[in-house]
1. Which value, in Å² and to the nearest 10, is the accessible area of Val307 when all protein chains are kept and the probe is 1.4 Å?
2. Computed over the Cα atoms of region 271-367, what is the ratio Rg over Rh, Rh following Kirkwood?
3. If you put +1 on each Lys and Arg Cβ and -1 on each Asp and Glu Cβ, how big is the dipole of the chain around its Cα centre, in Debye rounded to 20?
4. Using the Kirkwood radius over C-alpha pairs as Rh, can you work out the diffusion coefficient of region 294-348 via Stokes-Einstein at 4 °C, viscosity 1.567 mPa s, in µm² per second?
5. Counting only the heavy atoms of the protein chains, how much of Ser308 is accessible to a 1.4 Å probe, in Å² to the nearest 10?
6. With no solvent and one equal point scatterer per Cα, compute the Debye intensity ratio I(q)/I(0) for region 230-288 at 0.31 Å⁻¹ and report its log10, rounded to two decimals.
7. Hey, what's the chain come to in accessible area per residue, 1.4 Å probe, Å²?
8. Which sequence of Arg103, Arg30 reflects their accessible areas, 1.4 Å probe, from the largest down?
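The values are calculated or read from the model by the stated rules, or taken from the named source; none is laboratory data. Everything numeric here is computed off the predicted structure, so don't read it as measured data. Every residue, glycine as well, gets a Cβ built from its backbone with ideal geometry; the counts of neighbours run over all protein chains shown. Protein only, heavy atoms only, side chains kept; ligands, DNA and RNA dropped before computing areas. Shrake-Rupley method; radii C 1.70, N 1.55, O 1.52, S 1.80 Å.
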Amino acid sequence: MFRKIFLSLWLTIAVVAVALQLMLLWQRDREQRSNARMRVFVAAARRAADAYEHGNPARAAAEATDLDRAMGTDINVLDERGASIVNRRVRDADRAAARAAARIAAAGFSMPFGDARTGIVAQPFNATSGHRFILIAPTRRALPWLGASRSPYLTLVAVLVLGGFVCFALARHFAVPLAQLGESANAVADGRLGTRVGAQLGRRRDEVGALARDFNRMAERIEALVAADRRLLGEMSHQLRSPLARVTVALSLARKGGGDEYLARIEREVDRLDQLVGQLLTLARIDSGVENARGAFDLAGLLREIVSDGDFEARAHGRRVELVAADPHPILGYEEPMREAVENVVRNAIRHTEEGTAVEVTLQHGRLTVRDHGPGVPEPMIGEIFAPFWRAPGETSEGAGLGLAIAERIVRSHHGSIRASNVKGGGMMVTIELPH
Ligand SMILES: Nc1ncnc2c1ncn2[C@@H]1O[C@H](COP(=O)(O)OP(=O)(O)OP(=O)(O)O)[C@@H](O)[C@H]1O
Ligand SMILES: [Mg+2]
């Protein structure tokens, strides 16, 4: 864009300057040629005047005729009283021009008088005898440059109009798209997040086009983020409301004389609510960037603790957790959140792996994998597994579906990645990659 603005302005100035210079040269050239013609005319007119003064009017008329033939014009020569000495008709306009020319000459100037309206030029001159005569010639044929006597204004107007067009096009080229962008930005600011700048703008190859595309990408991202947040809020309310509804029912039943059964139920629901609120707080805390102290720790060491705890829990249900490999993997980050993230993945695996099988945990080449021998997740849904509150259809275990969403955000806050895939031969595998 810089180059475009610079070049177009610079070129405009250059073109105008060159055009003006050329026009000046051209005009000077025409003037010179006109002056040369005028000198020829005056020479012929002087010969005619001399012949006339020597008492040879036929010779004078012949001079005029010769000139007319040679130069393609139609001249007349008048004496000081305004009578033609070459035996030609004198029109009123000729006489008027002659009078004006005589006045100019009387004032001491030697230039011709040109009447732009009638197109007549009158040039006073002295015959050899010293007597004044006046040459009359029709402009367009005799002195073309006088026809261009209005041209300075014309040139100015032409330059202004031309420059105006160029500047108008230039301003339009930059101002219109910027105004459009501004409008779209205002619309987004007003909450119309679906606003995008026109496709036509986005196709432009210059910086304005790039800006338009960036703007659209930004608007898309904001829209998606806001939509995700709204969805989360909706689901959150729903998830909080269900246990609360059950608590209300249990309370009324307990009041009607139900026994400890209902109180136990209430306790369970309150526990669940407490857990849910804890998870939501964790989620919010990761997103807002308020986190535990940052420090250095070894992922391998953390993994050994998690696997040992997990194995202890799993054995109670006839399952195992095995640590296949644990290469050292030092990390600068948040140890407790990271523990929570990995623990949730391992717990999920323990929960879903078949009885009698083992969950295999591997940390090798900077990649952490947790693989179970369970049913996995229906293939088309595997991409949704990290969405908040997502649970597989028919999932019977306790839990809100927030564990993996939390894990994903924690891993992302460590600039890492997490993904899930079904393993051929059964089971699911979660892969976490973390930079050192
Ligand atoms: N290893 C796995 N095998 C099969 N399905 C799984 C596995 N891990 C997770 N899932 C499915 O993904 C869903 C979401 O998991 P996530 O950990 O986010 O939530 P949760 O375990 O249901 O609840 P929470 O972790 O919040 O207590 C689970 O409900 C389950 O349906
Ligand atoms: Mg879970």
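1. Counting only protein heavy atoms, the figure is 10 Å².
2. Rg/Rh for region 271-367 comes to 1.01.
3. Working: 57 positive and 51 negative charges, 807 e Å.
Computed about the Cα centre, the dipole is about 3880 debye.
4. 110
5. 70
6. Rounded to two decimals, the profile gives -1.19.
7. Result: 59 Å² per residue.
8. Values: Arg103 155, Arg30 55 Å².
Descending accessible area places them as Arg103, Arg30.
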